Amino acid sequence: MIRVLVVEDDLNIARMISTALSIGGYEGVVCDNGAFAVRRIQEEHFDLVLLDVMLPGLDGFSVMERIQNREVPVIFLTAMQNVADKVKGLRLGAEDYMVKPFEVVELLARIEVVLRRSNREHNHFCYRDITVDTQEHSVKMGRETVNLTPKEFDLLVFFLQNLDIALTRERLLSAVWGYDFAGETRTVDIHVRQLRKKLNLEQNLVTIPKLGYRLEK
């Protein structure tokens with residue numbers, strides 16, 4: 001799962017951001033002190049940092065200066081609306097700068113853009129309570145690991161890459177099993193049945209009569 005460090009000393013705002021992250025399928029970790037945040041970023045793995053400017057310990061700009069050697073994207077979240085502050089944050093290397101208050105939907109959209117830009121989202125997929133890590137070749141429902149066969153895994157990833165798109169059995173065969181696969185389309189049906197069973201997708205991975213399947217958002 002994608003880990004996001006939320007560096008925010010206002011408890012109510014931190015809770016709101018954490019709730020938004022969980023809705024988006026991300027794991028949020030809250031830190032309320034700039035100096036502590038620097039230490040955590042240096043010692044732990046995070047895919048993204050949401051960073052306030054006015055913080056105890058070290059302000060957000062100072063935090064940014066100390067983590068510039070870390071390959072982690074940063075979005076500033078601050079009440080400071082001064083253009084000079086925004087320019088300073090971006091020049092320090094931040095990917096984006098959002099002024100409080102902001103809408104949760106906008107925050108999630110900007111997070112998605114930044115993760116995609118930094119190529120970190122390509123290895124992770126989140127769908128309902130299902131998280132997929134293509135680098136680790138792992139699938140989880142909530143905190144529980146789900147064991148899939150290699151082809152079940154590849155089929156799931158292809159569906160996640162093509163949400164709400166009607167996919168024929170022939171296309172699924174060629175994409176997952178290869179163009180030279182000598183088997184029949186029933187192979188797809190069997191694997192879809194297993195995905196539905198293992199991941200509780202009976203209502204979401206729908207059959208399109210005489211065509212194939214669609215994983216619905």
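Computed quantities for the displayed model
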{"item": "Residues located in the range 136-160, provided they are open to solvent by 40 Å² or more (accessible area, probe 1.4 Å) and in contact with a strand residue (DSSP E or B) (Cβ under 6 Å, 6 or more places away or on another chain)", "result": "K140"}
{"item": "Residue in the range 33-41 that is in contact with a Cys (Cβ under 7 Å, 6 or more places away or on another chain), part of a helix (DSSP H, G or I) and of a type in the set (D, E, K, R) present", "result": "yes"}
{"item": "Pairs, first within 13 Å of K210 (Cβ to Cβ) in the range 158-169, second open to solvent by less than 50 Å² (accessible area, probe 1.4 Å) and assigned to a helix (DSSP H, G or I), C-beta under 6 Å, six or more apart", "result": "R169/V188"}
{"item": "Residue match in the range 161-180 (condition: closer than 30 Å to L50 by Cα and surrounded by 15 or more Cβ atoms within 10 Å (Cβ to Cβ))", "result": "yes"}
{"item": "Matching residues in the range 1-20 - criterion: being at pLDDT 90 or above and open to solvent by less than 50 Å² (accessible area, probe 1.4 Å)", "result": "V4, L5, V6, V7, E8, I13, A14, I17, S18"}
{"item": "Those residues of the range 170-191 which are hydrophobic (A, V, I, L, M, F, W, C), without any contact (Cβ under 8 Å) to a residue 40 or more places away in the chain and part of a helix (DSSP H, G or I), in sequence order", "result": "L173, A175, V176, W177, V188, I190"}
{"item": "Restricting the range 25-52 to residues that are small (G, A, S) and open to solvent by 30 Å² or more (accessible area, probe 1.4 Å), the residue that is farthest from N69 (Cα to Cα)", "result": "G28"}
{"item": "Top-ranked residue in the range 121-170 [being out of contact with any Leu (no Cβ under 7 Å at 6 or more places or on another chain) and acidic (D, E); ranked as farthest from N204 (Cα to Cα)]", "result": "E136"}
{"item": "Residues within the range 86-120 that are within 17 Å of D52 (Cβ to Cβ) and either in contact (Cβ under 8 Å) with a residue 40 or more places away in the chain or in contact with a Phe, Trp or Tyr (Cβ under 8 Å, 6 or more places away or on another chain) (or both), tallied", "result": "14"}
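The values are calculated or read from the model by the stated rules, or taken from the named source; none is laboratory data. All figures in this text were calculated on a predicted structure; none of them were measured in a lab. Cβ: placed from backbone, ideal geometry, glycine included. Neighbour counts: every protein chain shown. For the accessible areas, the whole protein counts, side chains as well, though only heavy atoms, and no ligand, DNA or RNA atoms are used. Shrake-Rupley method; radii C 1.70, N 1.55, O 1.52, S 1.80 Å.
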